[in-house]
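Participant: Sending over a structure as structure tokens; questions will come in a sec.
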Amino acid sequence: MRKIVHIDMDAFYASVEQRDDASLRGRPVVVAWRGQRSVVCAASYEARRFGVRSAMPAARAERLCPDAVFVPPDFTRYRTVSRQVREILLRHTDLVEPLSLDEAYLDVTETKTELASATAVAKAIRASIREELALTASAGVAPNKFLAKIASAWRKPDGLTVIAPERVESFLQQLPVDALWGVGPVTAKRLRERGIDTLVKVRTADPAALRAAVGSWADWLVKLAHGDDDRPVEPNRPSKSSSSECTYAHDLTDLDRMREEIDGMARDNATWLQRHGLVARTVTIKVRYSDFMTVTRSDTRTATNDPEEIAKRAVALLGKTEAGARAVRLLGAGVHNIAGREDEADEGELRLF
């Protein structure tokens, strides 16, 4: 039986800002640009008490909490702190699977230290994060990833929840249906409309009703409802894509400016590929017009990480949209179908490196 720990930093971006600026401590902090087109990247727990949440429009956050301090995000700094957190995790095991900058799974069935239990490992990690980085993290300990992730959110912030194997069933009995991985507000509403409002009711739900609510996910959700999750912690999970996008404070109408923006984003993605020793076959762009209509375009060819080539393909894709003829509020560019240096980019092709 595996011993899995899920570490989740508490209000990560906002906590970093409060740590680094003493004047923000104890105040409602919203990490976002002000304006009608911005969204909240993170909110401190002081701001959350007013109903402010991540991904909420910044304008709504300002209405909910007029006294909030808005801080523009600094992702370079957040990535630096994230790397420091990961160094702490790697002291205990090499089986670390980052999910984002602020959370990760660890398989501590066997560890590098002499700590006797997964609970002891989780306590040591949280203590190191507090002492070395002046931040807090919540942790969940359980026999699998699904349960560990739920457990880490159980006593946030700065909490530790342990679900021992003998406690799994009693823990599952407490959970609402939206505790299931992949069940968001819309799916949860569809399930509740069919009388499936708790996790254990998923087990006995009419299969047809369950499929009508969640489609092909039905069998997987039934498995999770029994507490079964055999997914391993994957420390070297391959990246499948990289992308970036920007929503502009004022609609763009100058096609040359749009080309420059797409060119820069595409080059950023190429740099990311080179830094990680990867190549990509597909270049994509995303365009959202002023009326919110969104289109994407893609170009798949021989794999590359050459900035000139990727930028050229991305800018050419812009010509296949109505950008310039129509005002644009958002642009994005990305690379997909990613392979490592030693992978063959396509069947029958020569290795690129």
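Every read-out reported here was derived from the displayed coordinates using simple, explicitly stated rules and does not represent laboratory data. Being a predicted model, the structure only gives us computed values, none of them experimental. We place every Cβ from the backbone using ideal geometry, glycine too, and count neighbours over all the protein chains shown.
Participant: Hand me the trypsin sites (Lys or Arg not before Pro) from the stretch 215-280 located in a DSSP loop with no more than 14 other Cβ atoms within 10 Å, in residue order please.
Facilitator: Qualifying residues, ordered by number: Lys240.
Participant: What ratio of Cα Rg to 2.2 N^0.38 Å holds for the stretch 241-340?
Facilitator: 1.02
Participant: Tell me the angle of helix 307-318 to the major Cα principal axis of the chain, expressed in degrees between 0 and 90 and rounded to the nearest ten.
Facilitator: Between the helix axis and the principal axis of the chain, the angle is about 80 degrees.
Participant: Here's a follow-up. Kindly provide log₁₀ I(q)/I(0) values, in the same order as q = 0.14, 0.15, 0.17, 0.26 Å⁻¹, from the Debye equation applied to equal alpha-carbon scatterers of the stretch 1-51.
Facilitator: Here the Debye-derived log intensity ratios amount to -0.43, -0.48, -0.57, -1.00.
Participant: Of all the stretches in the chain, which is the longest one without any exposed loop site, taking GluC sites (Glu not before Pro) in a DSSP loop (any state but H, G, I, E, B) with at most 11 other Cβ atoms within 10 Å?
Facilitator: 115-341
Participant: A follow-up question, please. Let me have the 222 nm mean residue ellipticity of the chain computed from DSSP H runs of 4+ only, each contributing -39500 (n - 2.57), with the sum over all residues rounded to the nearest 500.
Facilitator: -10500 deg cm²/dmol
Participant: Next question, about the same structure. Check which residues have an amide H placed less than 5 Å from Phe50's amide H, if you skip close sequence neighbours.
Facilitator: Close amide H contacts, sequence-distant or interchain: none at all.
Participant: Moving on to the next point. Given 10 Å bins starting at zero, what is the percent of C-alpha pairs of the chain in each, up to the one with the largest pair distance?
Facilitator: Reading upward from the zero bin: 5, 19, 24, 30, 19, 3, 0.
Participant: Which residue, Val177, Val39, His226, has the largest displacement toward the positive end of the dipole of the chain when charges sit on each Cβ (Lys, Arg +1; Asp, Glu -1)?
Facilitator: Highest projection toward the positive end goes to Val177.
Participant: Also: Let me know the charge dipole size of the chain about its Cα centre in debye, to the nearest 20, where only the beta-carbon of Lys, Arg (+1) and Asp, Glu (-1) is charged.
Facilitator: Value, rounded to 20: 940 debye.
Participant: If the cut-off is a Cα-Cα distance under 22 Å, which lysines reach Lys112, setting aside same-chain residues fewer than 8 apart in sequence?
Facilitator: List returned: Lys3, Lys123, Lys145.
Participant: Continuing with the same structure: Of Val71, Gly140, Ala151, whose Cα points farthest to the positive end of the dipole of the stretch 32-171 (charges on the beta-carbon: +1 Lys, Arg; -1 Asp, Glu; origin at the Cα centre)?
Facilitator: Comparing the listed Cα positions along the dipole, Val71 ranks first.
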